[in-house]
1. Please identify, among 100, 247, 128, the residue showing maximal mean-square fluctuation in a Gaussian network model of the chain using a 10 angstrom Cα cutoff.
2. Can you sort 206, 295, 261 from fewest to most other Cβ atoms within 10 Å of each residue's own Cβ?
3. Could you work out how much longer the chain between residue 324 and residue 15 gets when fully extended? Use 0.36 nm per residue separation minus the Cα distance between them, nm to one decimal.
4. Using only the Cα atoms, what convex hull volume per residue in Å³ does the chain have?
5. Where does segment 100-189 land on the Kirkwood hydrodynamic radius, alpha-carbon pairs, in angstrom?
6. In whole angstrom, how far apart do the alpha carbon centroids of segment 159-188 and segment 271-294 sit?
7. If the chain between residue 241 and residue 62 were fully stretched, how many nm would it gain, using 0.36 nm times the residue separation less the Cα-Cα distance?
8. Angle check, please: helix 180-199 long axis (alpha carbons) against the longest principal axis of the chain (alpha carbons), in degrees 0 to 90, nearest 10.
């Protein structure tokens, strides 16, 4: 049964910290960018299918007309069967018709392949632009939040991406060492983006170890066409899947980064989320984050709920575990006895898991995947 009166407590939108807003907004933006790519790619495929179907229908019609002409010429021709067949084939234009439609089929497929290739490369450029621009915004937000005097622009060099990571390290004092493998991937995207933007994706025919390494690691999604007359190699992206991979990598990075940032803030972002969740119990409560741990495919936090409301004076030990799963599920273990308000809140969460996934936990897990949530309550010993 829907608990309407309790749901009123969640009608007032949570007022998130600007950093929370940043991460949630960027996740949603990445999802939309990817859907745009998927939609555009499917439109190309649909138009190609329609073009091939139309061409096939025209070919069938031409074959019928050619067959009539062939039979007429065959009947009028003299000589043996082989001579009559040769004359009829030439007179009816059978081979010309077959060559025309074979060439038209090849032209159509090549045209759409080139269109898709251009779109794939432009999509990769957009991926990098989104990454760099949003990380620059994040640096500005963190400068304000951490009250730093030095801005990103004060130490920005030619390599904007490296400057951003240096700013995290040297000014914000946020340790990204555990996430260095992401920087390597972002550097590869940056390398390809620069070549596409400034050279049209053209490379010298001279061996380029960095390029060769990136292409080898792409598992066939990148390739080079060699033009020996001009002495160049032209980069191609054979599938939009290469771009989708980059969107997924950025999402994974963001899910790591938000925790690194919140650790720097002593988990104040997580604390505010939990205060909002449990405010139904009483407005006079404190949440104390005791520990945040990584677990396989997710994270786990232990925290205290401590109230100073004399009408509702409690002290609870809690544990929240969130991991990715095939489907979204919630499990609540409540070992607190005779707390009707907590029981009511738990029932609301069990029946309306969106309160957690679309509000309290937004930005803390992959928006396109399922999530398994476990919430536990114990009396403090």
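1. Maximum among the listed residues: 100.
2. Details: 206 7, 295 10, 261 21.
Ranked by crowding around the Cβ, least crowded first: 206, 295, 261.
3. Working: separation 309, 0.36 × 309 = 111.24 nm, distance 2.57 nm.
Here the answer is 108.7 nm.
4. Details: hull volume 81.3 nm³, N = 381.
Once divided by residue count, the hull of the chain is 213 Å³.
5. Details: mean 1/r = 0.0634 Å⁻¹.
Every distinct Cα pair counted, the radius reaches 15.8 Å.
6. So the two Cα centres are separated by 31 Å.
7. On the way: separation 179, 0.36 × 179 = 64.44 nm, distance 3.82 nm.
Full extension of this stretch gives 60.6 nm more.
8. That works out to roughly 40 degrees.
Bear in mind these aren't lab numbers, they're just calculated from the coordinates by the rules spelled out. In this text the structure is predicted, and so the values were computed from the model without any measurement. Note that we place each Cβ from the backbone using ideal geometry, even for glycine, and neighbour counts take in every protein chain shown.
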